[in-house]
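Below is one structure; the comments refer to it alone.
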Amino acid sequence: YVPSGTNLIRSTALIAGTNSGISIVAGLMVFGFVFNFDLPTDAGSELSFTVFPRVFPALPAGEFLAVAFFVLLFVAGFTSCLGGAVVVMAAARDELHLSRRVAARWVVGVIVLLGVPSALSFTSVGLEVAGEPFLDRVDRLTGSGVVVVLGLLGAGLLARRLPTRNLAASFDCDEWRLGPVRLGPRTLIGWAAILPVLAAASYVVAAVL
């Protein structure tokens, strides 16, 4: 999925920096509304459906902004789901030797099966797990380190299994500068080989504490 000649380090840093910056700004905005309306700050993903419906009526052209916001929220969620589904579908086709249509049906079926309980969390059904909305439970489980740990494990697996020369060539740069520190591709690959151990240790410590 990555064109030849793409600088992976620069692209990754740009994506991570942009995502983090927008998330921080959005968080500051949302919590300003939360404190103004005296809402619980630990409401989780429910905030999008409890805070903004109170905010938009107080704004000029609030109805238009409300429609635009929730349409964009749906598009953001749908495109993220679609991007993840394409990766899973490609893996299913390669490993299970399925056709595109069959792989798409299986992947979409699994997504719907897992997505319906999340969608029912904030409806009249109020689906909960141990007193917590199902969507919040899934969000807390996947957002509290699982994604990071899996990413690091994947990087470590690539660093251990693929030839170092091929990995170094894929960086498309001689070195990466982090302030006064200069790191070459082989140094980064060496760190990637030990990061899974550090990630697993940190996750276990966080789970215990």
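The values are calculated or read from the model by the stated rules, or taken from the named source; none is laboratory data. Quantities reported herein were computed from a predicted structural model and do not represent experimental measurements. Please note: Cβ atoms are built from the backbone with ideal geometry, for glycine as well, and neighbour counts cover all protein chains shown.
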Filter the range 77-94 for residues that are among the small types (Gly, Ala, Ser) and more than 16 Å from the chain's Cα centre (by Cα); which is surrounded by the most Cβ atoms within 10 Å (Cβ to Cβ)? Ala92
How many residues are at pLDDT 80 or above and touching a Lys or Arg at 6+ places or on another chain (Cβ under 6 Å) when one looks only at the range 96-134? 1
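Restricting attention to the range 13-41, which residues are more than 30 Å from Arg54 (Cβ to Cβ) and loosely packed, with under 11 Cβ neighbours inside 10 Å? Walk me through how you get there before you give the answer.
Residues of the range 13-41 more than 30 Å from Arg54 (Cβ to Cβ): 13-17.
Ile15, Ala16, Gly17, listed by residue number.
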When residues of the range 5-38 are filtered for being of a type in the set (S, T, N, Q), within 15 Å of the chain's Cα centre (by Cα) and farther than 18 Å from Ala155 by Cα, how many remain? 4
Name the pairs whose Cβ atoms lie under 6 Å apart, with the first residue in the range 95-124 and surrounded by 15 or more Cβ atoms within 10 Å (Cβ to Cβ), the second β-branched (Val, Ile, Thr), and 6 or more positions between them or separate chains? Val107/Val88
Which of (1) among the β-branched types (Val, Ile, Thr); (2) at pLDDT below 70; (3) surrounded by 16 or more Cβ atoms within 10 Å (Cβ to Cβ) is the odd one out, the single condition Thr164 does not satisfy? (3)
(1) within 30 Å of Val108 (Cβ to Cβ); (2) modelled with pLDDT under 85 all hold for Ala68 apart from (2)
